[in-house]
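I have placed the structure first, in the form of structure tokens, so that the comments after it can refer back to it.
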Amino acid sequence: MALLTQYASFFVSPFGEPTVCDELNSFLRSHRIVNVDKRLVDGERGTGWLFLVEYGTETRSASANQPRTDYREVLTEQEFAVFEKLRELRKTVAEKGSVPVYSVFTNDQLAAMVKKIPATLKDIAAFPGVGEARTKQFGEQFLKFFAQLSPQVDEKSQPTS
């Protein structure tokens, strides 16, 4: 699946109907959000916040016909154990945020984190497909997870030179 980027805008007035906020929140929960930009505007519709939401929709691509990755084959036994714990954390985070698990991090991104354990938010943002929005929204929770790993697991998961 490839991600097709689309945009939606919402105007929220401090004196407007609360249903606009409900619509915005519902939209954010039900889509794969790439970025949200908000600006205070004073225009013909009055003064309020304009939200420009960049979101993705999945489209079929040539890679969709490729077989799924078996992470048991790609990762070592110890790395796979960490990967499984990351998937559990991702599921918990997704349920709390009422978002699909893939909008937190994909399996490929989790596997990349296992291979090269991030120490900072900048490290998380450097993984392919992880943008600023996801880093801000979910990065700290995953950094806490990695900080709690034993040093032995951490050392064995790092590539050797």
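The values are calculated or read from the model by the stated rules, or taken from the named source; none is laboratory data. Everything numeric here is computed off the predicted structure, so don't read it as measured data. Note that each Cβ is placed from the backbone with ideal geometry, even for glycine, and that neighbours are counted across all protein chains shown. Note: areas computed on protein heavy atoms with side chains; ligands, DNA, RNA excluded. Shrake-Rupley method; radii C 1.70, N 1.55, O 1.52, S 1.80 Å.
So residue 15 passes all but one of these: (1) over 22 Å from the mean Cα position of the chain (by Cα); (2) without any contact (Cβ under 8 Å) to a residue 24 or more places away in the chain. Which condition number does it fail?
Here residue 15 clears every test but (2).
Report whether or not residue 36 is under 17 Å from residue 99 (Cβ atoms), at pLDDT 90 or above and open to solvent by 50 Å² or more (accessible area, probe 1.4 Å).
Yes: the conditions hold for residue 36.
Would you mind finding the one in 80, 127, 142, 138 that is farther than 22 Å from residue 32 by Cβ and touching a helix residue (DSSP H, G or I) at 6+ places or on another chain (Cβ under 8 Å)?
The unique qualifying residue is 80.
Among the residues of region 112-129, what is the count of those that are open to solvent by 10 Å² or more (accessible area, probe 1.4 Å) and either hydrophobic (A, V, I, L, M, F, W, C) or within 18 Å of residue 56 (Cβ to Cβ) (or both)?
Qualifying residue count for the region: 9.
Identify, by number, the condition in (1) modelled with pLDDT under 90; (2) of a type outside the set (D, E, K, R); (3) loosely packed, with under 15 Cβ neighbours inside 10 Å; (4) within 21 Å of residue 136 (Cα to Cα) that residue 99 doesn't meet.
That leaves (3) as the condition not met.
Would region 11-20 turn up any residue that is open to solvent by 60 Å² or more (accessible area, probe 1.4 Å), modelled with pLDDT of 80 or more and not in a loop (DSSP other than H, G, I, E, B)?
yes
Cβ-Cβ below 9 Å, separation at least six or inter-chain, first residue in region 140-158 and open to solvent by 90 Å² or more (accessible area, probe 1.4 Å), second at pLDDT 50 or above and in a helix (DSSP H, G or I): which pairs?
140/121; 156/78; 156/79
So which residues in region 96-132 are among the hydroxyl-bearing types (Ser, Thr, Tyr) and either touching a Ser or Thr at 6+ places or on another chain (Cβ under 6 Å) or at positive phi (or both)?
98
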